[in-house]
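Can you read through this structure? Questions will come right after.
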């Protein structure tokens, strides 16, 4: 799955998100697409002085039992919540005419240096998830990333469950804040395509 995220980054050219790889592991608390508060993963001022190696983000989002958007006070002390109140959200993958579509966004309470979102859509196959498409959106000096709205034409191959995974990032005062969301629904995201 890490390969798919790296491929999506290459396709979409997201800057803040390319700092690390993400494996969209299953988490019950983000399946419904609820907003996930972004948490710090790197300080760009220190990273520029430390080494030339690509930084590996090890704390993309708040893990189960640590904190969530409804209980930010439970966040570990070594992670900071986005001061600008940035949160990520992914909608259900759904049919749109003869296409599969999904919408995702990073939204902040205050303007940030940069806000980004990258979304990948997979469809369930007997061997696991199969990459369908990806999309991204980014804005500078804004309160939101714009909407990532990837669309892919259906090939009339059968009925599939489509699953959307998003990475969200903001750059605030030299620190990158990241989070992830995922979403699908058995009645909306399973359809003939």
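A short reminder: the numbers here are calculations on the coordinates, not readings from a lab. For clarity, every value in this text was computed on a predicted model and none was experimentally measured. Positions of Cβ are backbone-derived with ideal geometry, glycine not excepted, and every protein chain shown enters the neighbour counts.
Among the strands (runs of 3 or more DSSP E) contained in segment 153-193, which hold 1 or more residues that are touching a strand residue (DSSP E or B) at 6+ places or on another chain (Cβ under 7 Å) and over 26 Å from residue 116 (Cβ atoms)?
159-172, 190-192
Condition check ((1) surrounded by 20 or more Cβ atoms within 10 Å (Cβ to Cβ); (2) within 21 Å of residue 83 (Cβ to Cβ)) across all residues:
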| site | (1), (2) |
| --- | --- |
| 113 | no, yes |
| 119 | yes, no |
| 126 | no, no |
| 136 | yes, no |
| 141 | no, yes |
| 169 | yes, yes |
| 185 | no, no |
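Yes or no, residue by residue, for (1) in contact (Cβ under 8 Å) with a residue 60 or more places away in the chain; (2) part of a strand (DSSP E or B); (3) within 19 Å of residue 149 (Cα to Cα); (4) touching a helix residue (DSSP H, G or I) at 6+ places or on another chain (Cβ under 7 Å):
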residue: 92; (1), (2), (3), (4): yes, no, yes, no
residue: 95; (1), (2), (3), (4): yes, yes, yes, no
residue: 100; (1), (2), (3), (4): yes, yes, yes, no
residue: 106; (1), (2), (3), (4): yes, yes, yes, no
residue: 109; (1), (2), (3), (4): no, yes, no, no
residue: 115; (1), (2), (3), (4): no, yes, yes, no
residue: 118; (1), (2), (3), (4): yes, yes, yes, yes
residue: 124; (1), (2), (3), (4): no, yes, no, no
residue: 131; (1), (2), (3), (4): yes, yes, yes, yes
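Something else now. Please count how many residues of segment 136-152 are assigned to a strand (DSSP E or B) and within 16 Å of residue 102 (Cα to Cα).
5
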